[in-house]
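Everything on this sheet refers to the single structure shown next.
Read-outs: derived from the displayed coordinates by stated rules, not from any lab. If you're wondering where the values come from, they're calculated on a predicted model, not measured in any experiment. Neighbour counts run over all protein chains shown; Cβ positions are idealised from the backbone, glycine included.
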Amino acid sequence: MSGGHVFLVGFMGAGKSTVGARLAVELERPFIDLDEAIVRHVGLSVTELFERFGEDRFREIETETLSALAALPPAVVACGGGIVTRPENRGLLKELGFVVYLQVSAGEAVARIGDASTRPLLSGPGGTLAATTLLAARESLYTSVADVCVDTSGLEPERVVGLVLEAIEECL
Ligand code: S3P
């Protein structure tokens with residue numbers, strides 16, 4: 001693992017924020033939730049941002065927020081599920097740190113999320129179908145940026161934290 005950030009990527013519901021916060025404690029690093037950083041910066045929720053300005057504007061702000069991490073000391077960073085969709089973000093992730101892909105199936109992701117009203121891309125009708133289509137389109141992008149992949153199927157966050165720590169140690 002390089003001296004940069006540890007990035008958690010993966011689909012919505014993969015557990016990036018929950019696992020990331022606990023991982024940061026274990027690694028004694030600050031924790032940054034990229035979506036929360038965007039919300040704080042803009043003063044709008046992710047849903048409001050999508051509604052008022054559209055997904056493209058959200059993606060621009062997401063890229064700006066990711067770039068700004070270059071100036072910060074090494075942290076654990078939970079990224080939004082769509083971070084890998086922009087090529088420049090994939091470059092930034094590789095450049096700025098070590099990337100952990102938390103894998104989850106579409107069905108388990110939807111079950112974990114429950115009320116999808118805060119996830120604009122899944123909040124319409126047919127949540128599982130939308131998730132299946134979106135995940136299929138993104139799977140190879142997550143894999144392409146990942147230094148390690150951790151399958152979270154059926155696992156509690158605590159166990160996932162343990163697996164991520166093991167995976168990171170193996171790469172040291
Ligand atoms: C998105 C995932 C969300 C949030 C936005 C878009 C996506 O983050 O960034 O709703 O495109 O997958 P989480 O993965 O933290 O839910």
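Think of each Lys and Arg Cβ as +1 and each Asp and Glu Cβ as -1; about the Cα centre, that makes the dipole of segment 1-111 roughly 200 debye.
Grouping the Cα pair distances of the chain into 10 Å bins from zero gives a pair-distance distribution of 10, 41, 38, 10, 0 percent in increasing distance order.
Amide H contacts for Cys149 (H built 1.01 Å from N in the peptide plane; partners 5 or more residues away or on another chain; cut-off under 5 Å): Tyr101.
In segment 98-172, Cα pairs under 8 Å separated by at least six residues give a relative contact order of 46 percent.
Using C-alpha pairs below 8 Å separated by at least 6 residues, the relative contact order for the chain is 35 percent. For segment 6-80 versus segment 116-168, the spacing of their alpha-carbon centroids is 15 Å.
Along the axis of the charge dipole computed for the chain (Cβ charges of +1 for Lys and Arg, -1 for Asp and Glu, origin at the Cα centre), the listed residues Gly15, Thr47, Leu69 are led at the positive end by Thr47. Treating r as the C-beta distance of Ser153 and Ser117 and R0 as 22 Å, the FRET efficiency rounds to 0.30. Residue separation of Leu44 and Arg86 scaled by 0.36 nm, minus their Cα-Cα distance, works out to 12.9 nm of gained length.
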